[in-house]
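Here is the structure we will look at.
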Amino acid sequence: MLFIRSFPCRVLIILVTTVGALFLTATVHAADLRLTPSTGSYSTGQTFTVTIQVVPGGDSINAVEAQLSFDSNLLSVVSVAKTGSVFTLWPVEPTFSNGAGTITFGGGHTAPITSNSTLLQVTFRATGEGDASVSFDSGSVLAADGRGTDVLNNTSGGTFTIGGATTPTPQDTPSEPGNEGGNEAITFGDPPRAPEVGSTEFLDPDLWYNRTEGLFTWELPFDVDEIAVEIATSSENEPSEIIDPPVEEFAVSSENLSDGIQYLSIQFKNQVGWGAITNRPIKIDTTPPKDFLIDVQTSNSATGFPLLVFEAEDATSGIAEYEVFVADKEPFTITPDEARLGYLLKELEDGTYTVSVIATDMAGNETESSVPVLITAGWSKEVEVEEKRSFRAFFTGVNLLIFFLLVIIVLLLTYLFYERKRWRIEEERLRKEVREIQDQMEKIFSALRDEIHDQIVTITKRPRLSKKEREAVEGLNQALEVSETLIEKEISDVKKILK
């Protein structure tokens, strides 16, 4: 069962096998997939690395896809590395799931593979005690026969024994790099894990760079007492340049780096011995592409445009893209495949133009080439005629409706403004009348009190009033006060409304 689920990935694999068939046609035999090492004993918490390999077995192959499963109760994947892989194309990037206990990948190479080769390196961490198995669920190995024939014959996984971390087992101290056969000593514990190397200048190990100056750094575990580090040309190098006391950085320059793919080879050593090796790729290309010519192929038609064909060479990283400049038009980018097929000029008036092409390699180095091109296609740019519109064109149904609505809105606003102004005038006049009423009321009630008193005195013709007369006067005054209070309250309510 194949694990490349998308149609574009399948197409890419078929293209890879087709290209490989152009290099070599071989008799189909049988190929195997295997893990190495396939056995081992480790303690809980310890990490170890296994390699996924393809064994062509007499075939010429150039693509592999597979899924592996592992016991997620006993193992967890720390990393899946493409370091040292024979593949250069990855239609299915290597991925893993510790929850599901699976690892999937799909890769290929344009040239046929005929010998035992490394595909991936998987680093596991032992998380439980028992016998942990790693096996191939399914996969395919495609032959370089132009048809993508599956020649997978057999798969072989591995079984690893995981013991308790509290029971250390004696180990033979591995000999130092470059000093095999040294004295042996009995120690306890685990050797260091593979160093994790980073760099701000060479951030991505899969990219090409046009510089040689930079710094690589790593974290130094507390128990490491020596390191071995050097620049190598092999992905399986074992460093021999020992640094004691250990350091946490390594500077590179033009003295130890050159164009091509090199590797920063680094290894840690503790009281147990030397640990796993990291060979971190460094891809350098400081040389621009070679000078190239632009072939101008004229059209057989009198109204046709010429075809530009060009191809630059870059021996180190390869051509990434071309940027084409034609006259005063905006530059555009085309791929190397499009350039080999040719680019057809178009929409140019008759005359001589300078065409410039900048070839850029994978590291960003550039080489420019230019050529004069004569255009005789008779093409001319269409003149845009500005349409003149008369005043009558304004009187359309939509415009008239909009104008009518605007007039109605203006009239409504004018009416509202007038009514608001008129209401304010009436309101102010009403306030004035209320104030006058209040003043007159106070004068009237005061006069009434005085008049009632005078009338009673005149009627009785006595300077002093009797008890009943005084009660009558007081009753009248109280009635006046109640009336005055009620009227004042109504006037206050009117004032509140007018505020």
The one condition in (1) buried (at least 23 other Cβ atoms within 10 Å of the Cβ); (2) within 23 Å of Pro205 (Cα to Cα) that Val54 fails to fulfil:
(2)
Would it be correct to say that Glu129 is acidic (Asp, Glu) and surrounded by fewer than 19 Cβ atoms within 10 Å (Cβ to Cβ)?
yes
Residues in region 274-291 that are surrounded by fewer than 19 Cβ atoms within 10 Å (Cβ to Cβ) and assigned to a loop (DSSP other than H, G, I, E, B): how many?
5
Report the residue count in region 241-269 for those that are surrounded by fewer than 19 Cβ atoms within 10 Å (Cβ to Cβ) and either within 31 Å of the chain's Cα centre (by Cα) or in contact (Cβ under 8 Å) with a residue 60 or more places away in the chain (or both).
7
Considering only region 62-85, how many residues are surrounded by 21 or more Cβ atoms within 10 Å (Cβ to Cβ) and modelled with pLDDT under 90?
1
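Matching residues to (1) in the same structural domain as Ile243 (by TED's automatic domain parsing); (2) under 20 Å from Asp59 (Cα atoms); (3) at pLDDT 90 or above:
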site: Leu89; (1), (2), (3): no, yes, no
site: Phe96; (1), (2), (3): no, no, yes
site: Ala111; (1), (2), (3): no, yes, no
site: Leu119; (1), (2), (3): no, yes, yes
site: Ser133; (1), (2), (3): no, no, yes
site: Ile162; (1), (2), (3): no, no, yes
site: Gly181; (1), (2), (3): yes, no, no
Subset tally (residues that are touching a Ser or Thr at 6+ places or on another chain (Cβ under 9 Å) and either in a loop (DSSP other than H, G, I, E, B) or outside the structural domain of Tyr263 (by TED's automatic domain parsing) (or both)) for region 203-223:
5
What number goes with the only condition from (1) in contact (Cβ under 8 Å) with a residue 24 or more places away in the chain; (2) among the charged types (D, E, K, R); (3) surrounded by fewer than 13 Cβ atoms within 10 Å (Cβ to Cβ) that Glu238 does not pass?
(3)
Test Glu226 against the stated conditions and say whether it is among the charged types (D, E, K, R), under 31 Å from the mean Cα position of the chain (by Cα) and not assigned by TED's automatic domain parsing to the domain that holds Ser370.
no
Looking at Val229, is it assigned to a loop (DSSP other than H, G, I, E, B), without any contact (Cβ under 8 Å) to a residue 40 or more places away in the chain and either out of contact with any helix residue (DSSP H, G or I) (no Cβ under 6 Å at 6 or more places or on another chain) or surrounded by fewer than 20 Cβ atoms within 10 Å (Cβ to Cβ) (or both)?
no
Considering only region 331-353, I want to know if a residue exists there that is touching a strand residue (DSSP E or B) at 6+ places or on another chain (Cβ under 6 Å), in contact (Cβ under 8 Å) with a residue 40 or more places away in the chain and not assigned by TED's automatic domain parsing to the domain that holds Thr200.
yes
Taking the stated definitions as given, is Thr200 of a type outside the set (D, E, K, R), under 35 Å from the mean Cα position of the chain (by Cα) and either in a loop (DSSP other than H, G, I, E, B) or under 26 Å from Thr360 (Cα atoms) (or both)?
yes
If we ask which residues in region 293-315 are of a type in the set (Phe, Trp, Tyr) and under 13 Å from Pro336 (Cα atoms), their number turns out to be 1
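The values are calculated or read from the model by the stated rules, or taken from the named source; none is laboratory data. A quick note: this is a predicted structure, and the numbers were derived from the prediction, not measured. Here Cβ is always computed from backbone atoms with ideal geometry, including for glycine, and neighbour counts include all displayed protein chains.
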